[in-house]
Each structure stands twice: as structure tokens, then as C-alpha cells.
Amino acid sequence: MMAILQCSNLEKTFGYKKALSGVNLSFEKGRIVGLLGPNGSGKSTFIKLCNGLITPTNGTIIIDGKAPGIETKAIVSYLPEQTYLNDWMKVSDIFNFFDDFYADFDIARAREMLSSLGIGEKERLKTLSKGTKEKVQLILVMARQAKLYLLDEPIGGVDPAARDYILSTIIKNYNQDATVVISTHLISDIERVLDDVVFLKNGEVVLLSTVDDIREGKGKSVDALFREVFKC
Amino acid sequence: MLGKLLKYEFKATGRVFLPMFGALLIISVINRLFSNLNFKIPSIIGKIISIILIVGIFALTLIITIQRFSKNLLGSEGYLMFTLPVRSDSLIWSKLITATVWNIVSMIVVLTAITIMALSDISIKFIFKSISEVLRFLNIRGGDIPLLGLETVIAIVLSLFAFILMLYACLALSMLVNKRRGLCAFAVFVIINVISQIITSLAATTGVLRGLYEYVAGLPIPRMFHAIFVIVFIIELIECVIFYVLTRFMLTRKLNLE
């Protein structure tokens, strides 16, 4: 089967600082992949490269057979770390915005998720709390029928109760052919949903494995292995 | 996709501009009534308010031109805008076209407001009379008035394009630093203007332009105007291309969102 995302010898430097080096990864379709590593290990850099927000210093990224560009942006659904919502739209306006620009946006499903979270469609984005903004953004991202979801710290800023909701939203809403990449350092919360894990350390891949192999082969939870590998 | 981007760009900016324009036009009509009825004090207050509004509109136009680029593209909103399935060119053009339209509409609204308020004044009558005199003079000399009008419009649009693209280039170049980007953009703005001053004065003193100047000055009146317009077009176009290419390069190759 062809990989949805493939990168070879990927390298990104900012000035003299190496953010990523020699990264070779290949993600299959229909998997939930955890991109795990401490702060500053290159997780966000990797995701930004996949979104074409920055360009690689060396190496290549291929998403669904193409380099990052307009065509890949149409099939990649990206949740950035920070909120990108503007301050002049209502929730309904940003839904229409997504409906206008993304052919795969399912506005009915977005409305459904919104009402199940008890957020009003007429509410102004400006007046939403930080947590609610993150929920709206997650709805926007998950209501797309994308082929690849790139979620950068989707549970970083919300309380544990909301974390469970977000994870179940992710599991419920992605279709079986799609791949979900979740970057985080909160592993115990997310471990149960993952199929594969990638450990990033100082911009290099130190481990690439399925969760089953870690559990069965090493007899450890991913969280325990993470603590071992990244021991300070 | 450019059409969709333009739709949202006009929505985002129109909600700020339209109330300001409406307020200025209403105040102008009220002022006109006050001065017709010879209400001294209210008329002075009304004039002060309209002057504040006029200055406000020009300031607002500049601020929004800058802000729609820096905040929507280079700030956190950029994470959404640059992951839309649209070309960077479409993003730049949507901002440029919208900003140019609002700059022109602002000028028209302010001129209309002044005309409404000062219609009875001798000065405004004198201005209208002078304009018609100039047109009559050009007509007698065989000037093509519609063509000259068109050239004027093109010159205005091109110079607005060049100015706005210069602002965009300054803002985009500020992505090269990680702190104090506003200050950096302003510094780049100053540097660009100093460089263009140097180029202009070098061209004037080294005689590169003297031949051209003498040629143009020797032309009969209507043709001289056309020649001046063509020179203006070429200069503005060169500026547009330089600043566009610079902005595009920064947005596609050196994007560094906050």
C-alpha cells in the first residue's frame, strides 16, 4: 500500500540550530500515529514542514504522491498549536469560510459537534474563552473528510475532561482510510488511541514502532518507554 | 479562489470602513444644513467633527492596509490562511485589490463630503471653474480628454499598487527577525525610501534623465502629458514588480509566522 506521508532525509535548520535532521518516515493509510517527544524535539517543525508553512533545508516530503502545495493542502487537515481564529467572525461565519475553501468540509457534521459541545453558532469568536476556541478549532479540523490529519498538541491547553471529549471526537470523526498524526508530550492521555509511535529527540527519530510491538515485545506501556528513553 | 478570498477580505474590512464613510457623509449633510440656516456654533462644531472624521478615515485606511497583511497573514491567523488550498499569489492579490479599492473609495468619499459641505463657498466654485478651464484648454490644443482621464486613473491605481506593495514588502521582510517586527518593518520602509531617493538624485545629476527630460519638454502640450504618463507608468510598474517579487519570495520561501 502506498504511504500517505513519506519523508526522506528531511532536514531543517534555523540559523545554526538544527531543528530536524535525517528524518526518514513513512505513514500508512488508516493509522493513528503519535509523534512524541519533549518540548523542542522538532514535532511542530515536522508538522509545519508537512503543511508547507516552512520549507525544508534538505530532503523531501511527499503527501499522497505530491510535494506540499495547493493539492496537498486540500487533503490535509491541520490543527496548529496556537489558535488562528480571527476576532471579527461568528462561529457560523468561520463554518461558511471552511465550507467555501475546503471541498471536504462537512458543515452538517460541524454543526452537530458544535451543538453537542453546547456552543452557539451565533457566538462571536472574539468573546469565546481559550478552551472554547480550541474546541471550535478542533471541530473545524475534524469536520473535514481529509486524507491526513496533522494535529499539533490537540490536548495541550484543555482540562482532562475536555481531553477525553477531544480524543473521542478524533476517533469518531476520522474515516477509516485517513491517517491521523497527533503530536504531544502528554502520552498517558493519548496512548490508548495510538497505532504507531514515533519518538523524536533533538530533531532525530530515535524510535519508530507500533504500539503493539512496544507492549508485547518490550512489555511496557508507551508512557513507561518514553520516560526511559527521554530520562533526564 | 481569488474571488472567495476577495469576498472575505471585503467583509473583514467593509464592516470598519462603511460606518466611517456613512458617518462622514451624514455629518457633511448636517453641516450643510447648519450653514444654510446660519447656525453659527453648531456649524463650527460640525466642521470640527468632520475634519476629525476625514483625518480618521485617512489614518484608518493606512492602518487597515497594514493590519490586514500583518495580522491576517503574518500573525497567528496566518496558520489558517497559508494552509488554505490557495496560491500565495492569490493571497497577495486579494489583499492588494481590497486595499486599493478602499484607498480609492476613501478619497472619493472625502472629496464628496468636502464638496457637500463647501458647495456654496467661493473656493470650491473656483476649483471647479479652474478644472473646467484646464479641460477646455486641453480640448482646444487637441488633447484627448477621455484618454487623459483614463491615464490619470491608471496612474493613481499603479501608484497605489506600488505604495501598498512596498508596505507589504517591508512587513514581509520583517519576518527575517524574530523580535520587534513592527520596528523592523519601519526601518526597512525608511531604508527603501532612502535608496529610492539616492537612485532618483543619481539619475538626475548624472544626466541619464537629461536627454529624456529635454525630449519630453520639447513635445507639444497633449503629447507631453501622454509622455509623462508613460514615464510614470514605467517607473511605478518597475516598483510594483520589485516589491511583489520580494513579498512573494518571503511568503513562499521564508515564511516565519509568529
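Just one of the listed residues (B:L111, B:L96) is at pLDDT 95 or above and part of a helix (DSSP H, G or I), namely B:L96.
Taken over region A:214-232, the criterion of being more than 12 Å from A:V197 (Cβ to Cβ) and in a helix (DSSP H, G or I) is satisfied by A:E216, A:G217, A:A224, A:R227, A:E228.
Any residue that is more than 18 Å from A:L85 (Cα to Cα) and not in a helix (DSSP H, G or I) - is there at least one of those in region A:156-172? Yes, region A:156-172 contains at least one residue that is more than 18 Å from A:L85 (Cα to Cα) and not in a helix (DSSP H, G or I). Among the candidates A:S183, A:S168, A:S221, A:S188, which residue alone is under 16 Å from the mean Cα position of the chain (by Cα) and under 19 Å from A:G37 (Cβ atoms)? Testing whether each residue is under 16 Å from the mean Cα position of the chain (by Cα) and under 19 Å from A:G37 (Cβ atoms) leaves just A:S183. Among the residues making up region B:175-187, those that are surrounded by 12 or more Cβ atoms within 10 Å (Cβ to Cβ) and without any contact (Cβ under 8 Å) to a residue 60 or more places away in the chain are B:V177, B:C184, B:F186, B:A187.
Just one of (1) part of a loop (DSSP other than H, G, I, E, B); (2) under 26 Å from A:G22 (Cβ atoms) fails for A:T72. It is (1).
Of the numbered criteria (1) more than 14 Å from chain A (Cβ to nearest Cβ); (2) among the hydrophobic types (A, V, I, L, M, F, W, C); (3) within 25 Å of A:I94 (Cα to Cα), the one B:L18 fails is (1). Is it the case, given these coordinates, that A:K126 is basic (K, R), more than 9 Å from every other protein chain (Cβ to nearest Cβ) and in contact with a strand residue (DSSP E or B) (Cβ under 8 Å, 6 or more places away or on another chain)? Taking the combined requirement at face value, the residue does not satisfy it. Give the residue that is farthest from the other protein chains (Cβ to nearest Cβ), with candidates limited to residues of region A:55-84 that are surrounded by 18 or more Cβ atoms within 10 Å (Cβ to Cβ) and of a type in the set (G, A, S). Checked region A:55-84; the qualifying residue farthest from the other protein chains (Cβ to nearest Cβ) is A:S77. Of everything in region B:73-121 that is over 26 Å from B:V245 (Cβ atoms) and among the hydroxyl-bearing types (S, T, Y), the residue that is surrounded by the fewest Cβ atoms within 10 Å (Cβ to Cβ) is B:S120. Would you point out the residue of region A:85-117, among those that are within 13 Å of chain B (Cβ to nearest Cβ) and of a type in the set (D, E, K, R), that is nearest to B:G3 (Cα to Cα)? Within region A:85-117, the match that is nearest to B:G3 (Cα to Cα) is A:D100.
In region B:7-39, the qualifying residues are those that are of a type in the set (D, E, K, R) and touching a helix residue (DSSP H, G or I) at 6+ places or on another chain (Cβ under 9 Å), and the one that is farthest from B:I64 (Cα to Cα) is B:R32. Please determine, by comparing only the residues of region A:173-194 that are among the polar types (S, T, N, Q) and part of a strand (DSSP E or B), which one is modelled with the lowest pLDDT. Once the filter is applied, the top-ranked residue is A:T184. Do the conditions hold for B:F249, that is, is it within 14 Å of chain A (Cβ to nearest Cβ), modelled with pLDDT of 95 or more and assigned to a helix (DSSP H, G or I)? Yes.
Does B:A185 qualify as being touching a Cys at 6+ places or on another chain (Cβ under 7 Å), closer than 25 Å to B:R68 by Cβ, assigned to a helix (DSSP H, G or I) and not assigned by TED's automatic domain parsing to the domain that holds B:V101? Taking the combined requirement at face value, the residue satisfies it. Evaluated against (1) assigned to a helix (DSSP H, G or I); (2) among the β-branched types (V, I, T); (3) without any contact (Cβ under 8 Å) to a residue 40 or more places away in the chain, B:V157 falls short on exactly one condition, (3).
Hand me the list of strands (runs of 3 or more DSSP E) wholly inside region A:1-48 holding 2 or more residues that are at positive phi and of a type outside the set (S, T, Y). Where strands (runs of 3 or more DSSP E) fall fully within region A:1-48, none carries at least 2 residues being at positive phi and of a type outside the set (S, T, Y). Filtering region B:191-248 to residues that are surrounded by 15 or more Cβ atoms within 10 Å (Cβ to Cβ) and among the aromatic types (F, W, Y) leaves B:F225, B:F229, B:F233, B:F243, B:Y244.
Each row is one residue, and each column tells you yes or no for (1) over 26 Å from the mean Cα position of the chain (by Cα); (2) more than 18 Å from B:L165 (Cβ to Cβ); (3) in contact (Cβ under 8 Å) with a residue 40 or more places away in the chain; (4) away from chain A (no Cβ under 14 Å).
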{"position": "B:F189", "(1), (2), (3), (4)": "no, no, no, yes"}
{"position": "B:I199", "(1), (2), (3), (4)": "no, no, no, yes"}
{"position": "B:G211", "(1), (2), (3), (4)": "yes, yes, no, yes"}
{"position": "B:I231", "(1), (2), (3), (4)": "no, yes, no, yes"}
{"position": "B:L237", "(1), (2), (3), (4)": "no, no, yes, yes"}
{"position": "B:E258", "(1), (2), (3), (4)": "yes, yes, yes, no"}
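Would you tally the residues in region A:97-125 being part of a helix (DSSP H, G or I) and more than 23 Å from the chain's Cα centre (by Cα)? Qualifying residue count, region A:97-125: 1. If you go through region B:38-46 one residue at a time, do you hit one that is surrounded by 14 or more Cβ atoms within 10 Å (Cβ to Cβ), away from chain A (no Cβ under 14 Å) and touching a residue at least 12 places away in the same chain (Cβ under 8 Å)? The answer is yes; a qualifying residue exists.
The values are calculated or read from the model by the stated rules, or taken from the named source; none is laboratory data. These numbers were taken from a predicted model, which means no experiment stands behind them. Here Cβ is always computed from backbone atoms with ideal geometry, including for glycine, and neighbour counts include all displayed protein chains.
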